[in-house]
Every structure is written in structure tokens, then in C-alpha cells.
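Visitor: Got a structure for you, questions after.
Nothing in this text is a laboratory measurement; each read-out follows from the coordinates by a stated rule. Small disclaimer: the values here were computed from a predicted structure and weren't measured. Ideal geometry is used to build each Cβ from the backbone, glycine not excepted, and the neighbour counts take in all protein chains shown.
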């Protein structure tokens with residue numbers, strides 16, 4: 001039984017668990033070192049390379065010895081709770097702030113305003129003038145990025161078609177739904193055909209259908225043509241769209257790699273049970289079985305991570321032959337990896 | 001990619017916003033005209049001022065009304081900075097390849113043009129109904145008014161920009177603009193001649209850039225001669241120096257905007 005796997009029987013629902021990860025992590029305070037899962041993880045064509053970057057806002061340390069390499073053409077996720085340094089790092093890349101320490105290379109150069117012509121940005125919150133029309137919004141952006149009017153017109157037509165907004169060309173932004181506004185912001189960020197797209201929690205507050213439509217439109221036909229740096233605390237979204245991710249905490253990169261690399265070494269499967277009044281002794285016994293990991297219970301719902309569900313389930317029925325009402329077996333997710341890597345680090349740092 | 005393209009794009013966008021905002025457009029023209037009609041006629045007939053250097057009080061009041069219009073429009077134009085910040089669009093401008101100073105310059109030039117257009121429109125609408133002397137002729141006189149209004153609006157835009165870069169809230173900005181500019185209007189000769197004022201008020205008037213703008217407009221539109229006025233040879237240099245100095249000052253300190261829009 002690996003001692004590094006968290007074992008707990010706690011009154012937390014599965015849905016709450018996902019929501020509380022970000023909140024819990026924010027309270028862990030000690031610094032920690034960066035570890036790259038894949039020793040060969042950096043691409044020879046790194047579009048972003050940060051070494052020992054530090055940034056402070058007054059007495060608050062936003063980035064601290066921040067190291068990161070983003071390969072060209074990847075969809076790279078920066079994952080971490082609020083305050084972990086995602087937006088601060090992006091603001092440095094966009095040359096809206098200067099690092100206090102360390103070096104950053106972006107597109108082969110130090111960040112500077114002129115480089116923004118090769119970078120597209122989508123902010124965490126809406127950044128649209130509700131009194132302008134869709135066409136005016138995109139035309140203004142195009143002109144600010146030095147695109148000629150003819151090219152702007154062609155690209156607007158193409159991008160609005162791509163993002164399903166062609167019918168809204170002359171409508172005011174104030175008449176668009178929240179999801180449409182996000183799609184418009186994506187279209188605006190792509191208007192000057194940037195090599196690098198910086199997305200700061202672009203789907204916050206967007207419903208699942210809109211979210212799917214947005215990502216489908218964004219990634220359609222890209223095939224590594226453009227690098228996307230996505231800051232998010234939505235682990236499921238990152239698991240779906242990112243081919244590399246980094247887990248951040250307290251202004252540092254804890255671990256970086258592909259989702260598959262980060263999931264490696266985890267309990268491979270999660271078993272969700274509906275168990276008629278499980279008692280603490282039975283749950284403790286399950287937790288002690290070889291191949292068992294985390295055990296979380298709330299009421300009749302029990303969540304267990306295991307190495308091999310096919311070995312675990314028969315044994316479970318042996319323990320409680322008439323009490324199990326349903327079983328669902330799931331593969332490990334990026335959320336599990338996040339919880340594992342970041343949670344384990346935090347537990348090492350917090351006494352008790 | 002030139003700064004001119006950015007200025008042009010921002011300029012068009014701000015002009016379009018004002019044209020679309022019908023209430024702002026109409027009120028910015030109608031309010032000064034109503035001011036002229038009611039205050040001008042009321043004072044002319046109710047108080048019968050006898051120390052005016054030329055025509056009646058309504059005619060005298062036009063120059064002051066033009067200055068007042070410029071003050072209001074520069075305040076509104078500069079307040080768009082706060083609106084842009086609050087809608088988040090300012091972050092988009094600041095994340096373009098242009099420097100924040102270029103962005104602010106584009107927005108500020110739009111504010112200057114909007115203020116000029118409104119002030120000149122007030123002059124044009126009022127002129128046929130008042131007793132103007134046009135001592136240098138109508139064409140030359142109007143050209144001088146255009147120049148005066150340009151310098152005045154540059155001064156006001158610079159002042160507003162300097163204030164906006166230091167004040168966090170729109171409410172605070174409006175409060176300070178009113179606090180600073182209303183007194184300047186009152187002892188600028190906008191509402192009464194400054195030559196017979198108490199000594200302390202006359203000294204304040206002489207140090208007030210708005211005095212020279214009002215004086216220049218009075219000289220070319222209202223007056224029959226330069227008696228009782230500073231004259232254009234004093235007005236234009238003083239105004240030009242003040243406008244250049246304050247406009248540059250307004251662009252020296254660029255408001256800092258973080259990635260999160262704070």
C-alpha cells in the first residue's frame with residue numbers, strides 16, 4: 001500500500017469535492033519545488049519559457065520562482081485555484097507587467113507590447129462595449145492590430161461563421177447572450193491570426209453546451225497551427241482540451257506534463273458505490289485492502305480509488321453481499337491527478 | 001501598424017458613440033442654448049447691465065456659453081475613460097500592440113473634436129439671433145473662434161486626462177472636475193466682464209486660462225473694438241502655452257491597468 005495515497009473517510013460529496021479543491025488549496029501556504037513529470041517534457045520549439053520568474057503586488061507574492069516551458073503548437077493548461085498565479089503569469093506574457101525576477105521568453109523574445117501583434121488574448125471577464133455592434137467590435141480590434149479593411153472584412157466573415165455568429169453581424173453586443181459574447185471575444189482574439197492565444201478562464205459562467213460549441217469552433221482546423229495557453233480551474237475542461245498541463249499553487253508550478261503523464265502512478269480507477277448504511281469499520285477495512293486508495297463517504301454514497309476494480313468488486317461483495325445497491329467504475333481523471341499531486345504536496349507542508 | 005491607425009480607429013469609435021447617444025448629443029447643444037435664451041434675456045431685461053463693453057448681455061454671454069459647453073463636453077468625453085475601463089474594453093485597447101499613451105491620445109483627440117464640434121455648433125446656432133460686432137469680419141472671426149475653441153478644448157482635455165489618471169472613480173472625477181472648473185468659469189469673464197472686478201478677483205481672472213478663451217471669442221464676435229479686452233495678441237499665446245503644457249501633462253502620467261482590469 002503506497003503511503004503517498006490519501007486515505008480518508010470524510011463527509012464530503014463527490015460534487016462538493018471538485019468544488020472544494022480550489023478553495024482548500026488556497027489555504028495551504030508553504031512554498032514548494034517544481035517537478036516536471038516528463039524529464040524530456042520541454043519541446044525544442046518552446047514558444048514560452050519562464051525561468052525563476054518572480055512577481056509581487058505589494059507584500060503579496062503572486063509568482064515565486066516560476067518555471068514553465070510551453071511547447072509550440074500545444075494546448076497548454078495552467079491549472080490552479082484562484083490566486084495560484086495563472087493570471088499573473090499571463091499578464092507578464094502580454095507585457096502588461098514586468099517580472100521582478102527571472103526571465104521570460106515568448107515567441108523567442110522578451111515580452112514587449114509590439115509582440116502582442118502575434119498574440120491573441122481573451123480575458124477572464126467580458127471585455128466588450130455593449131453599445132457597439134459585433135461588426136464594429138471586430139473592426140476596431142482589426143484596426144488596432146494594423147489589419148487593412150479588406151482583410152478585416154474577409155476575416156470577420158470567416159470567424160463569425162466559425163463561431164456561429166454570422167446572423168448577428170450588425171446586432172449590438174448588448175443583445176448577445178453570455179455564450180455568444182464569449183464566442184465574439186474568441187473571434188476577436190483570432191482576428192489578427194495570432195501564433196499564441198492566451199485564454200484566461202474563457203468559459204467561466206458559460207453553460208456546457210456553449211462551452212462545447214466554443215471549444216469545437218476554436219480547435220477546429222487548428223491541428224497544432226497555433227499554441228493555446230489556457231488558464232483555468234476547470235479540471236474536466238483541461239482534461240478534455242489540453243495536451244499538456246501544469247498544476248500551479250502559490251505562484252509556483254508544482255508539476256507539468258501531459259494529462260496521461262500526470263495520471264500515471266495514480267490508482268487507475270474510481271469505484272462509486274451506493275451502499276446501504278456503510279459502517280466505519282467496513283470502510284476502514286476497505287481502505288486497508290491492497291490496491292485501495294482514497295475512500296470518501298457521504299451517507300450511502302461511497303467513492304473508492306483502486307488499482308484494479310475487477311479485483312476490488314468481488315471482494316467488496318464478499319464483505320457486504322446484500323448492502324451494495326449500485327456500482328459505477330470510472331477511469332482516473334485529471335481531477336484525481338490534481339488532487340493527488342497538489343493535495344499530497346500540501347499535506348506534506350501542513351503539520352497534522 | 002502605425003499609431004495613426006489606432007488613433008483613427010479609436011477616434012471614430014468615440015465619435016460614433018456620441019452620435020449614437022442622442023440624449024447626450026441633444027442636451028449638449030440645447031442646454032447652452034436654453035441657458036443663453038433664459039439667462040441672457042432674464043439678465044438683459046431684469047437687471048439691465050450697464051457696464052457691458054458692446055452689445056446686449058445675451059450677445060455677451062455667447063462666449064461664456066461656448067466656454068461652458070467645452071467644459072461640460074470635455075468632462076463627459078473624459079468620463080468615457082471610466083466607462084471603457086468598467087466595460088473591460090480598455091483592457092482590450094491596452095493589450096493591443098500600441099502603448100497606453102497612444103491609446104489615451106486617440107481617445108483624448110476624439111474628446112477634443114467632440115468638444116469643439118459642440119462649442120462651434122452653439123456659436124453657429126446663436127450667432128444669427130444675437131448682436132455680434134464681428135469686428136474682423138465673419139469668416140476671419142469664425143476662424144479665430146475655431147482656433148480658440150481648439151486651444152480651449154486641448155487645455156480642458158489635458159486637464160481632464162491628468163485628473164482621470166489620478167482618480168479611481170467616475171464619481172470622484174466628476175466631483176473634482178466641477179470643483180476645479182466651475183470656479184474657473186465664474187471668474188473667466190464668461191458671465192460678467194472682469195475689468196471692474198474687485199482686485200483679488202481680477203488677479204484670479206488674469207491667472208485663469210479660461211479668461212483668455214472667453215476674451216478671444218468676445219473680441220472676434222461680440223466686440224466692436226479691443227477696448228476693455230486683452231486682445232488676440234495676448235489671448236492666443238497664453239492659451240497656446242497653457243493648452244500645450246496641460247495637454248502634455250495629461251499624457252505624462254498614464255493610468256496603470258492590470259490584466260484583471262483594476
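Visitor: Residues of region A:133-151 with backbone nitrogen within less than 19 Å of a virtual label 7 Å along the Cα-to-Cβ line of residue A:225, please, listed as ranges.
Guide: A:142, A:147-148, A:151
Visitor: Then there is this: If you find the alpha carbon centre of region A:122-172 and of region B:23-70, how far apart are they in angstrom?
Guide: 45 Å
Visitor: Still on this model: Run the simple label-point estimate for residue B:24 and residue A:45 please: 7 Å along Cα→C-beta, distance reported in nm.
Guide: A separation of 4.7 nm, rounded to one decimal place.
Visitor: Please compute the average number of Cβ atoms from other chains found within 10 Å of each residue's Cβ in peptide A:124-132.
Guide: Whole-number average of other-chain Cβ neighbours for A:124-132 is 6.
Visitor: What is the ratio of the Cα radius of gyration of the protein assembly as shown to 2.2 N^0.38 Å, where N is its residue count, to two decimals?
Guide: Taking N as the residue count of the protein assembly as shown, the ratio is 1.30.
Visitor: Given 0.36 nm per residue, what is the gain on full extension from residue B:146 to residue B:83 after removing their alpha carbon distance, in nm?
Guide: Taking 0.36 nm per residue and subtracting the Cα distance, the gain is 19.8 nm.
Visitor: Same structure again: Apply the Debye scattering formula to region A:38-263, with a single equal point scatterer on each alpha-carbon and no solvent, then give log10 I(q)/I(0) at q = 0.07, 0.08, 0.15, 0.16 Å⁻¹.
Guide: -0.22, -0.28, -0.99, -1.12
Visitor: Given 37 °C and 0.692 mPa s, how large is the Stokes-Einstein diffusion coefficient of chain B in µm²/s, with Rh as the Kirkwood radius over Cα pairs?
Guide: The diffusion coefficient I find is 173 µm²/s.
Visitor: Same structure again: Using a Förster radius of 45 Å, what is the FRET efficiency between residue A:317 and residue A:125 based on their Cβ-Cβ separation? Nearest 0.05, please.
Guide: Calculated value: 0.35.
Visitor: Let a ≥ b ≥ c be the square roots of the eigenvalues of the Cα gyration tensor of region A:149-248; is it rounded (a/c under 1.5), or, if not, prolate (a/b larger than b/c) or oblate?
Guide: Cα axes put region A:149-248 in the oblate bin.
Visitor: Report the full-extension gain for the segment residue B:166 to residue B:136: residue separation times 0.36 nm, less the Cα-Cα distance, to one decimal in nm.
Guide: Between residue B:166 and residue B:136, full extension yields an extra 6.6 nm.
Visitor: A further question follows. Please give the calculated 222 nm ellipticity per residue for chain B, where each DSSP H segment of at least 4 residues contributes -39500 (n - 2.57) and the sum is spread over every residue; nearest 500 deg cm²/dmol?
Guide: Computed mean residue ellipticity for chain B: -23500 deg cm²/dmol.
Visitor: Suppose the chain between residue A:216 and residue A:72 were pulled fully straight at 0.36 nm per residue; how much longer would it get relative to their current alpha carbon spacing?
Guide: In short, 49.8 nm is gained.
Visitor: How would you order A:71-81, A:322-332 from highest to lowest mean count of nearby Cβ atoms within 10 Å?
Guide: A:71-81, A:322-332
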